[in-house]
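Worksheet: the structure to be examined is printed underneath.
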Amino acid sequence: VEKRVKGFMFDCRMCGQCVLSSTGMSCPMNCPKQLRNGPCGGVRANGNCEVEPDMPCVWVKAWEGSRNMVHGDKILDVQKPVDQSLRETS
């Protein structure tokens, strides 16, 4: 159930180390580079991804989403690298 709900609502990648509450409810694992601590620096002028030009940058969406959250400043917290052994666990 969790996988279906989070997948539908947040396009969750089931990394096992969810940080949605720190990233404006935008899953950073959707970044083609899987960056967990902000944009790569290649964000296009229109806010889209440098790797996938038709896709909005995950981190632009995260920043916008965090502005609407009570604890939006959590987006500034440094996230640990992904532990790939936890993939598909949550």
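Quick one: count up the residues across the range 1-51 that are surrounded by fewer than 14 Cβ atoms within 10 Å (Cβ to Cβ), at pLDDT 90 or above and among the β-branched types (V, I, T).
So the answer is 1.
Looking at the range 8-33 only, could you name the residues that are without any contact (Cβ under 8 Å) to a residue 40 or more places away in the chain and touching an Asp or Glu at 6+ places or on another chain (Cβ under 7 Å)?
Result: C27, N30, P32.
Does V5 fit the bill of being in a loop (DSSP other than H, G, I, E, B), more than 18 Å from D77 (Cβ to Cβ) and either hydrophobic (A, V, I, L, M, F, W, C) or in contact (Cβ under 8 Å) with a residue 60 or more places away in the chain (or both)?
Taking the combined requirement at face value, the residue does not satisfy it.
Would a scan of the range 56-70 turn up a residue that is surrounded by fewer than 15 Cβ atoms within 10 Å (Cβ to Cβ), touching a residue at least 40 places away in the same chain (Cβ under 8 Å) and either assigned to a loop (DSSP other than H, G, I, E, B) or at positive phi (or both)?
Yes, because at least one residue in the range 56-70 is surrounded by fewer than 15 Cβ atoms within 10 Å (Cβ to Cβ), touching a residue at least 40 places away in the same chain (Cβ under 8 Å) and either assigned to a loop (DSSP other than H, G, I, E, B) or at positive phi (or both).
Could you tell me whether M25 is within 15 Å of the chain's Cα centre (by Cα) and outside any loop (DSSP other than H, G, I, E, B)?
So M25 fails the test.
The values are calculated or read from the model by the stated rules, or taken from the named source; none is laboratory data. The structure displayed is predicted, hence computed values, not measured ones. In this analysis, Cβ positions are derived from the backbone assuming ideal geometry, glycine residues included, and neighbour counts consider all displayed protein chains.
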